[in-house]
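Following: one structure in structure tokens, then a few remarks.
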Amino acid sequence: MKNKRDILLTVAGLVVLFGAACYAQFEMGSYVRRIINLCLIYAIIGLSMNLTNGFAGQFSLGQAGFMAVGAYVVGIFTVPVELRPNVFYAEPMNPLIADIQMPLWLAQLVGGLLSALIAFLIGWPVLRLRGDYLAIATLGFSEIIRIVITNAQSWTNGALGIKDIPALNDVRYIFIATAITFLFVTCLINSSYGRAFKAIREDEIAAEAMGVGLFKHKCMAFMISAFFAGIGGGLYATLLGTVDPKNFLFTLTYNFLLIIVLGGMGSITGSMLGSIIVTAGLEYLRVFDEPLELFGMAIPLFRPGFRMVIFSVLLMACVLFWRKGIMGTNEFTWEKFMAFCKNPVKYFTQKGAN
Amino acid sequence: MSTVLKTESITMRFGGVTAVNELKLNIEEHKIVALIGPNGAGKTTAFNMITGVYTPTEGKVKYTAPGKDEVDITGKRPSDIAKMGIARTFQNIRLFKDLSVYENVMIAKHLHLKSDVFSATLHLPWYNAEQREMEKDVEELLRKVDLWELRNEKASSLPYGQQRRLEIVRALATGPKLLLLDEPAAGMNPKETAELTEFIRQIRDEYNLTIFMIEHHMDLVMEISDWIYVLDFGMEIAQGTPADIQNNTRVIEAYLGVDEDA
């Protein structure tokens, strides 16, 4: 966001999208809204993961764990007090928290902050590792978080999960949360700290020799990432209306890894695009799961699970054509957008020449 | 002349190998000092000990910023040492390859940033003021070294000589008092080397630097060094002015070998 024009256009763009969100809220069915909301939530978590993995270059796979923290804080504190005995029927809720009820936004914020705190505690030993080792360690910690949640029955209701979370399928609210995340991450990346993150990604030794404190900056990226993962997790909990430790298996993290790799590691707009493609794509490919009859003949392949085959093939094609993801490390800019609008053919031919 | 950097018998052992053995350096302000020696003599290891990449097995590294007291920097983190005013370049160029020339230099300014991450993200007024200051400095620096026109190029797309130059400029942007150059002329042709010689002199005078460099191009070393240290197998075998070193028999032996029949 270099100049006034771009800032104005971005604000205008967000207003238009917010208008669209309002329209979706009032005019569209709850199924479509759910998909839109899921796209937005995945975009938040995708962005948060891209911050550590794409910008700071630290291969972390702990996102599901941080989401779980955010989701559980929202789950524990937003269930109305009078409904809690029903939810915690196996073992009563710990009296310390049994009477605390928070509005959603506050619970989300607490969830995000708690996530960031846990990220700090995990980061202290783990961020000294590099590459694959860091990935394995963060993956392990994310499982530990899940297992702690499963076993802290009086706080989290253990394996039974928490139900009766006031459900929120409100596109406007989730849109605003996504927009804030987007703006925050964009501004962060465009600041001096963002450049320092990129420096660490490019070359740790050189970055350190130029005075970028490795541990401090990695920890910073890790904590901010965990914060937004927590926020996204909280929204995820309200969207589903229930949380259950099994929702946050480490396989969940791979969804976001997929989103950022497909969108482009180190591209904010890429993550947004990736989350839409992955989430909406998986939903709309459901046609392939339904049995199909053409001219009275059943097409043999159309059965539950077939969409994953199609999806995988599409993904492979994407990765073959765009090695670095759809956006690479580039961003959507208004300048490019205008060049494209003026003359789409010239835009692509020129791009090809480069 | 006051001393900027002093090493007190620093030794570096890797397992059974002693890479550097009791090296004593004394680098004076505003001088250009060279460290030479055959391959594997331990020159880069010495650099790594000074800049905090390695902690010496024994001995101490002491640094005196001009006008300040002497501090022991042994075993400090490279980033902290950079903040104190020691900047370096690398033997095999380590630029931030996928970032632009401009960003490469801007990153080097990050270490003086006072604003915290939140005021930076929210672009609060005091951060913006700092940011403008950084931009102004970087523009001035890049114009001075003729890289301003190339500011939007990816660092990896520059020609080799320019990449070397950019790495020095990036180190300069940290505002160092002592600049360590690890083979700045490696892979350069004679013309480029001559330009580099001029460039090193120019920045030394302009930014009032002390320069400590490792170099193999003897014409460069002999032309600009005020003092030369010679290492062989981790040991200092000679030190002196270029004229002394050129006539030192032990140096000649180390480089050319000894005639066994003699």
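Data overview
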{"read-out": "A:Ser60 being open to solvent by less than 10 Å² (accessible area, probe 1.4 Å), touching a residue at least 60 places away in the same chain (Cβ under 8 Å), not basic (Lys, Arg) and not in a helix (DSSP H, G or I)", "value": "yes"}
{"read-out": "Cβ-Cβ under 7 Å pairs, at least 6 apart or on other chains, the stretch B:112-132 side without any contact (Cβ under 8 Å) to a residue 24 or more places away in the chain, far side open to solvent by less than 90 Å² (accessible area, probe 1.4 Å) and among the aliphatic types (A, V, I, L, M)", "value": "B:Val117/A:Met220; B:Thr121/A:Leu188; B:Tyr127/B:Ala120; B:Glu130/B:Leu113"}
{"read-out": "Helices (runs of 4 or more DSSP H) wholly inside the stretch B:178-262 that include at least 2 residues being open to solvent by less than 10 Å² (accessible area, probe 1.4 Å), in contact with a helix residue (DSSP H, G or I) (Cβ under 7 Å, 6 or more places away or on another chain) and under 26 Å from B:Lys68 (Cα atoms)", "value": "B:190-206"}
{"read-out": "Considering residues of the stretch A:180-191 that are over 15 Å from A:Trp105 (Cα atoms) and within 13 Å of the chain's Cα centre (by Cα) only, the residue nearest to the other protein chains (Cβ to nearest Cβ)", "value": "A:Val185"}
{"read-out": "Residue count for the stretch B:147-177, restricted to those that are among the small types (Gly, Ala, Ser), outside any loop (DSSP other than H, G, I, E, B) and in contact (Cβ under 8 Å) with a residue 40 or more places away in the chain", "value": "4"}
{"read-out": "Top-ranked residue of the stretch A:232-255 - restricted to ones that are among the small types (Gly, Ala, Ser) and surrounded by 18 or more Cβ atoms within 10 Å (Cβ to Cβ), ranked as farthest from A:Ile162 (Cα to Cα)", "value": "A:Gly232"}
{"read-out": "Restricting the stretch B:90-112 to residues that are assigned to a loop (DSSP other than H, G, I, E, B) and either more than 16 Å from A:Lys198 (Cα to Cα) or open to solvent by 50 Å² or more (accessible area, probe 1.4 Å) (or both), the residue that is nearest to the other protein chains (Cβ to nearest Cβ)", "value": "B:Arg94"}
{"read-out": "From the options A:Asn157, A:Asn169, A:Asn151, A:Asn190, residue that is at positive phi and of a type in the set (S, T, N, Q)", "value": "A:Asn157"}
{"read-out": "Filter result for the condition that a residue is more than 14 Å from chain A (Cβ to nearest Cβ), surrounded by fewer than 16 Cβ atoms within 10 Å (Cβ to Cβ), of a type in the set (Ser, Thr, Tyr) and more than 26 Å from B:Glu198 (Cα to Cα), over B:Thr74, B:Thr57, B:Thr64, B:Thr11", "value": "B:Thr57"}
{"read-out": "Selection from the stretch A:165-192 of residues that are β-branched (Val, Ile, Thr) and either at pLDDT below 90 or crowded, with 17+ Cβ neighbours inside 10 Å (or both)", "value": "A:Ile165, A:Val171, A:Ile174, A:Thr178, A:Thr181, A:Val185, A:Thr186, A:Ile189"}
{"read-out": "Any hit, the stretch B:101-120, residues being farther than 19 Å from B:Thr174 by Cβ and in contact with a Ser or Thr (Cβ under 7 Å, 6 or more places away or on another chain)", "value": "no"}
{"read-out": "Residue ranges of helices (runs of 4 or more DSSP H) in the stretch A:67-164 with at least 1 members without any contact (Cβ under 8 Å) to a residue 12 or more places away in the chain and open to solvent by 20 Å² or more (accessible area, probe 1.4 Å)", "value": "A:84-87, A:95-98, A:104-126, A:131-151"}
{"read-out": "Within the stretch B:39-54, tally of residues that are away from every other protein chain (no Cβ under 14 Å), open to solvent by less than 60 Å² (accessible area, probe 1.4 Å) and in a loop (DSSP other than H, G, I, E, B)", "value": "2"}
{"read-out": "A:Ile224 being modelled with pLDDT of 95 or more, among the hydrophobic types (A, V, I, L, M, F, W, C) and surrounded by fewer than 18 Cβ atoms within 10 Å (Cβ to Cβ)", "value": "no"}
{"read-out": "Options B:Leu196, B:Leu172; residue that is within 14 Å of chain A (Cβ to nearest Cβ) and under 21 Å from B:Ala155 (Cβ atoms)", "value": "B:Leu172"}
{"read-out": "Selection from the stretch B:129-152 of residues that are more than 9 Å from chain A (Cβ to nearest Cβ), closer than 29 Å to A:Met220 by Cα and either of a type in the set (Val, Ile, Thr) or surrounded by 14 or more Cβ atoms within 10 Å (Cβ to Cβ) (or both)", "value": "B:Asp137, B:Val138, B:Glu139, B:Arg151"}
{"read-out": "Filter result for A:Val261 (β-branched (Val, Ile, Thr) and more than 19 Å from A:Ala71 (Cβ to Cβ))", "value": "yes"}
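Results for (1) within 30 Å of B:Phe14 (Cβ to Cβ); (2) within 22 Å of the chain's Cα centre (by Cα); (3) at pLDDT 95 or above, shown as yes or no for each residue.
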{"residue": "B:Gly75", "(1), (2), (3)": "yes, yes, no"}
{"residue": "B:Gln91", "(1), (2), (3)": "yes, yes, no"}
{"residue": "B:Leu95", "(1), (2), (3)": "yes, yes, yes"}
{"residue": "B:Asp98", "(1), (2), (3)": "no, no, no"}
{"residue": "B:Asn104", "(1), (2), (3)": "no, yes, yes"}
{"residue": "B:Asp116", "(1), (2), (3)": "no, no, no"}
{"residue": "B:Leu122", "(1), (2), (3)": "no, no, no"}
{"residue": "B:Lys136", "(1), (2), (3)": "no, no, yes"}
{"residue": "B:Asp146", "(1), (2), (3)": "no, yes, no"}
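The values are calculated or read from the model by the stated rules, or taken from the named source; none is laboratory data. All values reported here derive from a predicted model rather than from experimental measurement. As a convention, Cβ positions derive from the backbone with ideal geometry for all residues, glycine included, and neighbour counts pool all protein chains shown. Each accessible area value is taken on the protein alone, full model and side chains, heavy atoms only, with ligands, DNA and RNA left out. Shrake-Rupley method; radii C 1.70, N 1.55, O 1.52, S 1.80 Å.
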